[in-house]
């Protein structure tokens, strides 16, 4: 597996998912206790990174997928089903 190369978006998302999963376990480990400052900082950092990934994905939906659907429709080929942009609702702790 290659890391830190421009073509490696899929593997990078796997690493991001692993970090996000680790954060989830870090918050549930202390049952009944609020997240400490270190965990809250990590949550904020991961939230910003997630927003960046969602922005990239939403941009892809607006440009590449929209262009494909237009060309496919004109050619009589199947199109891709899409919806509105994906976003994460804010949660207060």
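None of the figures in this text is laboratory data; all of them are computed from the coordinates on show. All of these numbers come straight from a predicted model, not from anything done at the bench. Note: ideal-geometry Cβ built from the backbone for every residue, glycine included; neighbour counts use all protein chains shown.
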| remark: So the FRET efficiency between residue 59 and residue 19, C-beta based with R0 = 22 Å and rounded to 0.05, is 0.50
| remark: tail above 22 Å in the computed P(r) of the range 9-93, as % of all Cα-Cα pairs, reads 46 percent
| field | FRET efficiency, 1/(1 + (r/R0)^6) with R0 41 Å, evaluated for residue 38 and residue 86 via beta carbons | value | 0.90
